[in-house]
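J.: Handing you a structure now.
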Amino acid sequence: MKNNLSKTNVIMLASLMGLGMMFSCNTKTMKKVEPAINSANMDTTVNPGDDFFRYANGNWMKNNPIPAEYSIFGSFEALKEENNKQLRGIMEDALADKNAKVGSLTQKIADFYATGMDSAAIEKTGIKAIQTELDKIDGIKTTADLIKLVGYLHTSGINSLFNFGSGQDDKNSEKVIAQLYQGGLGLPDRDYYTSNDKRSQEIRKEYVNHVGNTFALAGATKDQAEKNATVVMAIETQLAQASSTRLELRDPIKNYNKTDLAGLKKVAAQFDWDAYFATVGLKATNEINIGQPKFFAEMAKMTTTVPIDNWKLYLKWHVLHGASPYLSSAFVKEQFGFYSMMLSGIKEMKPRWKRVLNTTSYSLGEAVGQIYVEKYFPATSKKRMLELVNNLKDALKSRIEKLTWMGEATKKEAMAKLATMNIKVGYPDKWIDYSTLNITKDSYYQNIMASSRFDFARDLNKIGKPVDRLDWGMTPQTVNAYYSPNMNEIVFPAAILQPPFFFPDGDDAVNYGAIGVVIGHEMTHGFDDQGRLYDKVGNLRNWWTKDDSTNFAKQTQVLVQEFNAFKMLDSLHVNGELTLGENIADIGGLTVAYVALQKASEGKDANTKIDGFTADQRFFLAYAQVWRGNTRDKELMRRLKEDVHSPKEARVNGQVYNIPAFYKAFNIKTTDKRYKPDSERPVIW
Ligand SMILES: [Zn+2]
């Protein structure tokens with residue numbers, strides 16, 4: 001339901017796909033303190049030179065089969081489950097606080113959560129919850145009405161036709177401008193509409209069924225519902241055909257097409273932009289970036305060629321689609337059946353409290369975040385983390401100095417970029433002010449709409465103004481991290497600063513191997529195939545000599561081929577180009593964190609063992625266990641198509657055999673299955 005366009009230029013450590021899927025686990029078994037490296041989680045019958053992923057994680061994977069509510073389950077998901085319990089405590093404390101003043105954060109959290117948990121009221125209201133939106137759509141008579149309604153839906157966080165929001169100007173990062181981005185599809189990627197492989201055909205068929213079923217639940221006859229679904233599918237297919245591929249979307253230069261209102265009217269002539277911007281309330285229209293001009297040209301044309309009655313069905317579908325998770329159980333189940341079961345292979349819906357918890361924690365992100373960090377984030381973690389980040393910065397600096405493939409002029413720019421890279425740890429210094437957001441005891445859906453409108457207005461208000469450097473693109477309670485190329489900053493929310501990512505009392509080896517690599521990964525994003533196109537102030541500007549660009553492409557091509565060859569599920573392969581940025585960040589993160597560990601360990605005996613492993617072994621084992629986990633086949637197929645991150649297994653087995661120190665740490669022999677001669681190991685950062 002949220003327009004998160006302003007966050008599109010944020011590069012995450014791990015995909016947030018499927019974040020909505022939670023499970024409950026046994027508190028007692030999860031609570032016991034484990035050693036940072038627990039050999040019981042490993043499978044020592046596997047030769048580390050053949051399959052390090054399974055050597056390090058084999059028993060954990062056997063002992064942690066994917067819960068029915070999940071499509072993927074590993075370190076991230078297990079930690080999210082732990083966080084869920086803490087967040088549930090926050091919700092319940094808010095509910096129990098009888099002295100909470102109207103308008104206070106406690107009142108807002110309590111009422112939001114309570115209306116979501118009131119399943120009786122939600123069942124009773126049924127589809128009436130979205131009657132206002134449906135009636136408005138029924139009232140559309142002309143193209144002008146259609147455009148106004150799309151604007152209205154956008155202000156309410158309901159996706160349709162395209163995306164609109166704020167974002168830093170790629171060539172003047174000090175300033176926030178209006179951004180238009182392709183969108184309007186119900187399936188997660190344009191390729192599902194255009195590919196002819198068996199799985200895509202099957203997904204299309206099931207999608208049309210799902211759209212039809214949803215119309216039937218909303219009151220259409222079976223016959224009419226089927227016809228409606230065909231209409232929706234035809235419109236979306238046309239939009240998909242004009243949409244850029246994921247690979248094209250990774251190219252910042254292709255997606256930077258700044259113009260003014262007159263320029264936009266030329267690109268997408270048939271769409272009444274004056275009416276649209278007036279509806280959403282945008283005043284500063286002198287600078288607009290059209291992410292994908294081809295898409296907007298086609299979309300605009302379609303508003304005059306597709307019959308109005310067809311558009312009405314399309315918009316109704318998107319209102320139903322956006323609202324389904326918050327409507328009566330028939331809608332919730334229907335949507336779960338397609339998006340979770342069919343697309344991801346999930347077996348069971350998670351309990352209501354987890355779904356409502358997620359929505360509350362997302363909608364009132366920094367309100368919940370404030371309480372979360374106060375209760376659960378120790379100040380000492382922030383201090384240790386900042387030390388680690390600074391050591392990683394030093395290590396990357398020394399790597400850049402020593403690079404043989406890069407010339408002095410480019411090195412100077414790279415080091416200036418690294419030196420100015422900003423660091424955010426834990427939580428924002430300035431919280432979002434929720435005082436104008438009205439949350440009541442009346443209706444779950446209305447609370448969600450109020451929160452979406454609040455977010456939209458906040459986002460809109462940024463356009464035409466200088467960027468607010470105190471803004472965060474993730475909430476503190478998110479188990480993830482990111483790099484922002486426009487801000488040139490790395491951000492680590494409080495929730496990821498816990499085992500098995502960060503061990504507050506752990507030795508250097510495990511901390512550098514886990515969170516150290518995460519830090520190095522995010523830093524390297526500033527220098528991956530996309531990040532390297534931005535300079536130290538976050539502007540899209542070429543600071544590379546021609547030779548160095550060529551050398552960079554040569555080195556990264558080795559990585560592309562390596563991952564292209566990585567086989568999953570017998571016949572599917574990782575897409576080396578789509579995942580290149582993430583793979584560069586992983587190899588960079590490993591390399592730099594290892595250098596930093598060597599510096600931190602100066603004067604210490606490298607052969608001292610903890611839990612039976614040397615420091616170097618613990619470093620690589622800690623890295624591998626960050627990516628431990630099992631994935632359902634359907635989810636894996638989906639991610640191979642949609643995710644810019646490589647699968648967990650590839651993030652380990654595709655990387656450690658590139659690192660010279662790994663060979664020494666585990667005594668890897670030339671006869672081992674994954675042994676790679678020196679000449680085949682890429683050296684990037
Ligand atoms: Zn990343």
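J.: What is the local net charge at residue 559, summed over the other residues whose Cβ is closer than 13 Å to its Cβ (Lys, Arg +1; Asp, Glu -1)?
T.: Working: positive: 554, 651, 676, 681; negative: 528, 529, 562, 577, 582, 586, 680.
Residues close to residue 559 contribute a combined charge of -3.
J.: Once you put a point 7 Å from the Cα of residue 537 and another 7 Å from the Cα of residue 224, both along the Cβ direction, what distance in nm separates them?
T.: Between residue 537 and residue 224, the label points sit 5.9 nm apart.
J.: Based on the Cβ-Cβ distance from residue 465 to residue 411, what FRET efficiency comes out when R0 is 51 Å, to the nearest 0.05? Please report the intermediate quantities before stating the final value.
T.: Values: r = 35 Å, r/R0 = 0.69.
So, using R0 = 51 Å, E works out to roughly 0.90.
J.: On a C-alpha basis, how far is the centre of region 646-677 from the centre of region 65-93 in Å? Whole number, if you could?
T.: 31
J.: Further question on the same structure: May I ask for the net charge around residue 431, where only other residues with Cβ less than 12 Å from the Cβ of residue 431 are counted and Lys, Arg are +1 while Asp, Glu are -1?
T.: On the way: positive: 430; negative: 366, 374, 429, 433, 471.
Residues near residue 431 contribute -4 overall.
J.: At a Förster radius of 41 Å, what calculated FRET efficiency corresponds to the Cβ-Cβ distance of residue 436 and residue 119, to the nearest 0.05? Intermediate values should be presented prior to the final figure.
T.: Values: r = 29 Å, r/R0 = 0.71.
Rounded to the nearest 0.05, the efficiency is 0.90.
J.: Shifting gears a bit: Test of understanding: ordering 459, 274 by Cβ neighbours within 10 Å, fewest first, what list do you get?
T.: So the ranking, lowest neighbour count to highest, is 274, 459.
J.: Expected output is a single nm value to one decimal: the length gained when fully extending between residue 398 and residue 38, i.e. 0.36 nm times separation in residues minus the C-alpha distance. What is it? Before the final figure, lay out the partial values.
T.: Details: separation 360, 0.36 × 360 = 129.60 nm, distance 3.27 nm.
Full extension of this stretch gives 126.3 nm more.
J.: On a 0 to 90 degree scale, rounded to 10, what angle separates helix 408-420 from the longest Cα axis of the chain?
T.: 70
J.: Counting only other residues whose beta carbon sits under 12 Å from that of residue 351, what net charge do I get with K and R as +1, D and E as -1? If you can, show how the numbers build up before the last one.
T.: Numbers: positive: 88, 350, 352, 354, 355; negative: 69, 348.
For residues surrounding residue 351, the net value is +3.
J.: Ok, one more. Starting from 0.36 nm per residue, how many nanometres of slack lie between residue 505 and residue 251 once their C-alpha separation is accounted for? Don't jump to the answer; show the numbers that get you there.
T.: Numbers: separation 254, 0.36 × 254 = 91.44 nm, distance 4.14 nm.
Once the chain is fully extended between residue 505 and residue 251, it gains 87.3 nm.
J.: Further, regarding this structure: Can you sort 601, 484 so the residue with the fewest Cβ neighbours within 10 Å comes first? List each step's numbers first, then the result.
T.: Working: 601 18, 484 26.
Exposure proxy ranking, most exposed first: 601, 484.
J.: Determine the distance separating the Cα centre of region 425-448 from the Cα centre of region 252-271; give it in Å without decimals.
T.: 34
J.: Further question: Find how much the distance from residue 284 to residue 47 grows on full extension, using 0.36 nm per residue of separation minus their present alpha carbon separation; answer in nm with one decimal. Numbers along the way, then the final one.
T.: Details: separation 237, 0.36 × 237 = 85.32 nm, distance 6.13 nm.
Working it through step by step, the gained length comes to 79.2 nm.
J.: What ranking, highest mean first, results for peptides 378-388, 317-327 when packing means the other Cβ atoms within 10 Å averaged over each residue? It would help to have the intermediate numbers written out before the result.
T.: Working: 378-388: 15.2, 317-327: 21.8.
Ranking, from highest mean packing down: 317-327, 378-388.
J.: Now, a different point. Which three lengths, in whole Å and largest first, does the chain cover when its Cα atoms are put on their principal axes?
T.: Taking max minus min along each principal axis of the Cα atoms, the chain gives 76, 58, 51 Å.
J.: Normalised by the residues of region 143-350, what does the relative contact order come to in percent, with Cα pairs under 8 Å and at least six apart?
T.: On the way: 265 pairs, mean separation 55.7, N = 208.
Across region 143-350, relative contact order equals 27 percent.
J.: Whole Å is fine, so just give me how far the alpha carbon centre of region 529-585 lies from that of region 208-246.
T.: 37
J.: Here's another thing I want to ask about it. So, with +1 on the Cβ of K and R and -1 on the Cβ of D and E, and no other charges, what is the size of the charge dipole of the chain about its Cα centre, to the nearest 20 debye? Could you put the intermediate results ahead of the total?
T.: Working: 87 positive and 80 negative charges, 61 e Å.
Dipole about the Cα centre, nearest 20: 300 debye.
J.: Take residue 102, project a point 7 Å from its Cα along the Cβ direction, then tell me which residues of region 412-441 have their backbone nitrogen under 13 Å from it.
T.: Residues 438-441 fall inside that zone.
J.: Antiparallel as a % of all DSSP beta bridges within the chain, to the nearest 5?
T.: Working: 24 of 32 bridges.
Roughly 75 percent of the beta bridges in the chain run antiparallel, per DSSP.
J.: Then there's this: Would you calculate a helix-derived [θ] at 222 nm for the chain, using -39,500 (n - 2.57) for each DSSP H run of n ≥ 4 and dividing by the full residue count, to the nearest 500? Mind showing how you got there, number by number?
T.: Values: 29 runs with 345 residues, N = 685.
The helix-only estimate for the chain comes to -15500 deg cm²/dmol at 222 nm.
J.: Efficiency by 1/(1 + (r/R0)^6): what FRET value for residue 301 and residue 604, r their Cβ-Cβ distance, R0 = 60 Å, to the nearest 0.05?
T.: Values: r = 67 Å, r/R0 = 1.12.
Calculated transfer efficiency: 0.35.
J.: While we're on this one: Roughly how tilted is helix 444-460, in degrees to the nearest 10 and between 0 and 90, from the longest Cα axis of the chain?
T.: Rounded to the nearest ten degrees, it is 70.
J.: Sorted by mean Cβ packing within 10 Å, highest first, what order do the peptides 168-175, 309-316, 467-474 take? Before the final figure, lay out each step's value.
T.: Values: 168-175: 18.6, 309-316: 20.2, 467-474: 16.5.
Listed from highest to lowest mean packing, they are 309-316, 168-175, 467-474.
J.: Taking the DSSP beta bridges in region 143-350 as the whole, what percent of them are antiparallel, to the nearest 5? Working shown, then result.
T.: Numbers: 11 of 14 bridges.
Antiparallel bridges: around 80 percent, rounded to the nearest 5.
J.: Pairing the Cα long axis of helix 105-117 with the longest principal axis of the chain, what angle in degrees results, from 0 to 90 and rounded to the nearest 10?
T.: Once rounded, the angle reads 70 degrees.
J.: Cβ neighbours within 10 Å, averaged per peptide: list 130-138, 617-625 in order, most packed at the top.
T.: Values: 130-138: 16.3, 617-625: 27.1.
Going by the mean number of other Cβ atoms within 10 Å, highest first, we get 617-625, 130-138.
J.: Compute from the Cα atoms of region 143-350 the Rg and the Dmax, the latter being the longest Cα-Cα distance, and quote both in angstrom.
T.: Reported Rg and Dmax, both Å: 17.8, 54.
J.: Apply the Karplus curve 6.51 cos²θ - 1.76 cosθ + 1.60, θ = phi - 60°, to the phi angles in region 235-247 and return the couplings in whole Hz, x for Gly and Pro.
T.: 5, 5, 5, 5, 5, 5, 5, 8, 7, 6, 7, 4, 5
Values quoted throughout were computed directly from the atomic coordinates according to the rules given, and no laboratory measurement underlies them. Keep in mind that this is a model prediction, so the values were computed, not measured. Note: ideal-geometry Cβ built from the backbone for every residue, glycine included; neighbour counts use all protein chains shown.
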